[in-house]
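Report on one structure; see the data block that follows.
The values are calculated or read from the model by the stated rules, or taken from the named source; none is laboratory data. None of the values given here were measured: they were computed from a predicted structure. Every residue, glycine among them, receives a Cβ derived from its backbone with ideal geometry; neighbour counts consider all protein chains shown.
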């Protein structure tokens, strides 16, 4: 895969983070893809979903991916949804901004 469209869907999770945290994760994800040579197009953060896309495949086929940007060390807790570690100090710093 060499081209990706990143579209943040807030409705895919029952536990939304603060917008600053979500935007930070989104930007880190886009940067990590770009560093690996992937061409990335990103939908604006905070926009409501409305788009038309055509492609081959089953009309109801979708793909959703949960992304946790934290490594497996220096962590205080685990995410209850993906079970990957979270650094709560990072989350608190983003909540204050």
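For this structure, a couple of remarks:
- Subset of region 9-41 (residues that are touching a helix residue (DSSP H, G or I) at 6+ places or on another chain (Cβ under 8 Å) and assigned to a loop (DSSP other than H, G, I, E, B)): 16, 17, 18
- When 4, 67 are checked against the criterion of being modelled with pLDDT of 65 or more and touching a helix residue (DSSP H, G or I) at 6+ places or on another chain (Cβ under 8 Å), 4 stands alone in meeting it.
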